[in-house]
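Scroll down for the structure; my scribbles are underneath it.
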Amino acid sequence: MTPRADLSVAEIEARLLARMDALARTLAPKGQRHGNEWVALNPARADSKPGSFSINLKTGAWADFAAGAGQKKMAALGLVTYLATGGDFNRAILWAKDWLGISGRAPSPAEAAKQSAEIRAAQERAAREAAVETEKKRRIAQAMWLNAKPLDGHDPASRYLRARGIDVTAFPDGPPRALRWSNACKANPEGVEVPAMLAAMSREGIGFAAVHRTYLSQASGVWGKAFGRKSKRILGPKSGASIRLINGTSNKALKDAPAGEWVAIGEGVENVLAAALAKPGLRMIAAGTLENVAKIVLPLQMGGVHIIADNDKRGSEAEAALEKVVNVLAFERGFDIEIIRAPAGFKDFNDVLLGKRMAA
């Protein structure tokens with residue numbers, strides 16, 4: 001079938017975005033991929049410092065911080081205009097049609113094969129680079145956790161949890177081994193080092209996957225969260241990983257859990273630990289985020305899943321998100337499910353420990 005030559009500007013932009021990785025490499029070949037960014041030397045000027053020119057391979061947005069140039073809307077065509085046609089937008093449209101093979105003529109079999117090979121090569125290259133970037137983040141996360149210290153009941157992280165009503169020395173096996181603390185954990189984008197509670201996130205078949213950090217600060221002798229709502233952050237491939245906090249009565253690793261054993265999964269470390277105090281004997285793990293609760297990789301011998309849920313208002317977005325998680329675990333993954341909640345009047349188990357009731 002002959003490609004359409006009458007495509008709108010928006011359609012051309014969309015097709016360029018679909019092949020953004022190949023376009024970036026064509027227009028700015030002297031570069032490297034870093035996550036979703038193509039960082040390269042700017043061929044439009046004498047550029048010897050990599051890092052000032054970058055192209056977002058998902059959105060097409062690009063910027064040359066040294067030259068004060070950049071574009072977010074119609075970004076792909078803007079990039080063609082900037083680098084390929086000397087600022088002539090009309091010529092950029094023609095250039096893009098030629099590059100995309102939509103100039104009004106059907107490509108020859110050789111051209112079609114070349115385009116397909118180019119797309120496959122770009123996809124494979126992107127997948128390899130993404131895998132390298134993911135492994136790099138995993139290793140940095142693991143080093144961060146290994147360089148931290150175990151909780152001893154008197155460190156900043158233990159004192160932070162005690163301020164939340166949780167005494168880590170009260171658990172049968174002492175402070176959870178998945179938790180550590182650092183007195184100087186790097187926080188980005190703030191660019192500072194502050195105390196933090198670090199939690200190892202593990203995944204079956206991978207081992208250590210990511211590190212969950214809760215940044216801390218002290219005021220009037222009491223340890224609390226730093227950076228407000230941005231105190232919790234995860235570095236590394238978190239999907240399907242979990243923070244193994246309490247091993248339950250069997251006291252065995254998750255992969256060696258006895259056949260038929262249930263596991264309790266919640267979102268945050270604090271609420272899961274509070275639930276462990278309220279319901280001793282259960283295996284307890286934290287997912288880091290509610291969405292990740294549905295993704296955690298569990299051994300096939302697990303009997304079922306207790307979901308540690310908040311007492312959210314009916315019809316709220318949080319309730320809808322929980323329902324989605326339940327549906328995935330129950331109907332797509334086939335686990336028996338039981339939801340456990342704090343007593344009525346409290347949002348979660350941690351608020352029970354703090355005596356913090358919800359507003360009527």
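Among 330-338, 260-268, sorting by the average number of other beta carbon atoms lying within 10 angstrom of each residue, highest first, gives 260-268, 330-338. For Leu57, nonlocal amide neighbours, meaning residues 5 or more places apart or on other chains whose placed amide H falls under 5 Å from its own, are Glu37, Trp38. Looking at the chain, the DSSP beta bridges with both ends there are about 75 percent antiparallel. Can you give the relative contact order of the range 9-106 as a percent, counting alpha carbon pairs under 8 Å and 6+ residues apart? Across the range 9-106, relative contact order equals 22 percent. Its Cα centre serving as origin, the chain has a Cβ charge dipole (Lys and Arg +1, Asp and Glu -1) of approximately 560 debye. Across the options Cys185, Tyr160, Ala18, the greatest Cα extent toward the positive end of the charge dipole of the chain (unit charges at beta carbon of Lys, Arg, Asp, Glu) belongs to Cys185.
Within the range 1-81, the trypsin sites (Lys or Arg not before Pro) that combine a DSSP coil assignment with at most 15 other C-beta atoms in a 10 angstrom radius are Arg4, Lys30, Arg45, Lys58, Lys72, Lys73. Would you mind classifying the range 224-360 by shape? Square roots of the alpha carbon gyration tensor eigenvalues, ordered a ≥ b ≥ c; an a/c under 1.5 is rounded, otherwise it is prolate if a/b is larger than b/c and oblate if not. In terms of gyration-tensor shape, rounded. Between the residues Ala257, Ile337, Met284, the greatest Cα displacement towards the positive end of the dipole of the range 214-360, with unit charges on the Cβ of Lys, Arg, Asp and Glu, is found for Met284.
Helix-only estimate, please: 222 nm mean residue ellipticity of the chain, summing -39500 (n - 2.57) across DSSP H runs of length 4 or more and dividing by its residues, to the nearest 500.
-10000 deg cm²/dmol
Computed on the range 242-360, with alpha-carbon pairs under 8 angstrom and 6+ residues apart, the relative contact order is 26 percent. Between the C-alpha center of the range 119-170 and that of the range 186-219 there is a gap of 5 Å. 3J(HN,Hα) along the range 145-157, derived from phi through the Karplus expression 6.51 cos²θ - 1.76 cosθ + 1.60 where θ = phi - 60°, amounts to 6, 5, 7, 7, 10, x, 5, 10, x, 10, 6, x, 5 Hz, with x in place of Gly and Pro.
With a simple spin-label model that places each label point 7 Å from the Cα along the Cα-to-Cβ direction, the separation between Asn327 and Thr26 comes to 4.1 nm. Electrostatic tally near Ala200: other residues with Cβ closer than 10 Å to its Cβ, Lys and Arg +1, Asp and Glu -1, net +3.
I want the local charge near Asn183. Using Cβ-Cβ distances under 15 Å, sum +1 for each Lys or Arg and -1 for each Asp or Glu among the other residues.
Combined, the nearby Lys, Arg, Asp and Glu give +2.
Shape class of the chain from the alpha-carbon gyration tensor: prolate, with a/c at 1.5 or above and a/b greater than b/c.
Here the range 152-224 is assigned +1 on the Cβ of each Lys and Arg and -1 on the Cβ of each Asp and Glu. Its dipole about the Cα centre then comes out at about 100 debye.
Summary value for the chain: 10 percent relative contact order, contacts being C-alpha pairs under 8 angstrom separated by 6+ residues.
Each of Val352, Val132, Val328 was scored by other Cβ atoms within 10 Å of its Cβ. Arranged with the fewest first, they read Val132, Val328, Val352.
Looking at the range 186-268, the trypsin sites (Lys or Arg not before Pro) that sit in a DSSP loop and have at most 16 other Cβ atoms within 10 Å of their own Cβ are Lys252.
If you sort the three axes of the alpha carbon gyration tensor as a ≥ b ≥ c, you get a/c of 1.5 or more for the range 219-303 and a/b no higher than b/c, which makes it oblate.
Dipole size of the range 260-360 about its Cα centre, with +1 on Lys/Arg Cβ and -1 on Asp/Glu Cβ: approximately 200 debye, rounded to the nearest 20.
Electrostatic tally near Gly288: other residues with Cβ closer than 13 Å to its Cβ, Lys and Arg +1, Asp and Glu -1, net +4. Restricting the GluC sites (Glu not before Pro) of the range 182-260 to loop positions (DSSP other than H, G, I, E, B) with no more than 13 neighbouring Cβ atoms within 10 Å leaves Glu190.
Quick note: the coordinates plus some simple rules give every number you see, no bench work behind them. In this text the structure is predicted, and so the values were computed from the model without any measurement. Note: ideal-geometry Cβ built from the backbone for every residue, glycine included; neighbour counts use all protein chains shown.
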